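Asks: Can you read through this structure? Questions will come right after.
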Amino acid sequence: MLKIQAQSKIPTDYGIFTVYAFSENEEDWTPHLVWVAENTDVTTTVNVRFHSECITGEVFHSKKCECGQQLDAAMKYMSENGGVIIYLRQEGRNIGIINKLRAYELQEQGWDTVEANLKLGLPADARNFDIAVEILDVLKIKEVNLLTNNPDKVRSIENSGIILNSRIPLEIESNEMNESYLVKKKNYFGHLLEKI
């Protein structure tokens with residue numbers, strides 16, 4: 001069972017958030033992180049973003065994806081409107097950074113994002129959003145507006161006991177380096193992208 005191992009207020013460029021570390025074991029060095037904006041009331045409908053770790057996009061500003069820009073946009077939105085970002089330690093659609101770099105190398109040889117994962121013997125997407133639902137339960141959040149373009153995240157809420165009030169799109173403009181990646185997300189995974 002996941003539980004809160006530590007918490008602290010952290011000032012950011014977007015405002016003050018209370019950050020909770022969630023894991024089963026207090027010695028886990030890579031816990032899931034929950035960022036709760038200062039003006040959030042968890043007893044009402046809560047704006048929520050499930051966001052999977054992407055060190056290349058968030059820390060090093062890779063142009064191969066839109067993950068860093070989505071996280072920035074979500075932090076800004078939550079700071080202005082209240083809400084919660086559940087930061088899941090599921091790097092590379094949960095294949096890890098080493099396999100993610102191996103997949104990138106295959107992409108340089110002409111394989112697309114899905115083909116590269118499958119060629120490595122890995123699933124196209126191994127993420128588990130039930131973890132995020134469990135965290136919402138721990139936080140006693142009963143109703144959400146979900147910031148996402150991903151229908152799997154929507155289904156994870158619809159299949160839980162939590163009420164999905166609405167889906168809020170979080171679409172980022174493509175660039176020449178990630179347009180084919182976003183097309184694949186739309187056509188293969190069914191992501192709800194209007195600009196692609």
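Asks: Just wondering, is there one or more residues in segment 174-196 that are modelled with pLDDT of 80 or more, open to solvent by less than 40 Å² (accessible area, probe 1.4 Å) and not in a loop (DSSP other than H, G, I, E, B)?
Replies: No: zero hits.
Asks: Name, by its number, the condition in (1) assigned to a strand (DSSP E or B); (2) over 17 Å from the mean Cα position of the chain (by Cα) that does not hold for T40.
Replies: Of (1) assigned to a strand (DSSP E or B); (2) over 17 Å from the mean Cα position of the chain (by Cα), only one is false for T40: (1).
Asks: In addition: Output the number of residues of segment 38-60 satisfying the condition of being modelled with pLDDT of 95 or more, open to solvent by 70 Å² or more (accessible area, probe 1.4 Å) and more than 21 Å from V133 (Cβ to Cβ).
Replies: Of the residues in segment 38-60, 3 are modelled with pLDDT of 95 or more, open to solvent by 70 Å² or more (accessible area, probe 1.4 Å) and more than 21 Å from V133 (Cβ to Cβ).
Asks: Which residues, counting only those in segment 95-127, are in contact (Cβ under 8 Å) with a residue 40 or more places away in the chain, in a loop (DSSP other than H, G, I, E, B) and of a type outside the set (D, E)?
Replies: The answer is A124, R127.
Asks: Another question, then. Given the structure, is T30 outside any strand (DSSP E or B) and either open to solvent by less than 40 Å² (accessible area, probe 1.4 Å) or among the basic types (K, R) (or both)?
Replies: no
Asks: Okay, next question. Determine, yes or no, whether K63 is surrounded by fewer than 17 Cβ atoms within 10 Å (Cβ to Cβ), part of a helix (DSSP H, G or I) and touching a residue at least 60 places away in the same chain (Cβ under 8 Å).
Replies: No, not satisfied.
The values are calculated or read from the model by the stated rules, or taken from the named source; none is laboratory data. These numbers come from a predicted model, not from an experiment. Quick reminder, even Gly has a Cβ in these numbers, built from the backbone with ideal geometry, and neighbours come from all protein chains shown. When the accessible area is computed, the model is the full protein with side chains, heavy atoms only, and any ligands, DNA or RNA have been set aside. Shrake-Rupley method; radii C 1.70, N 1.55, O 1.52, S 1.80 Å.
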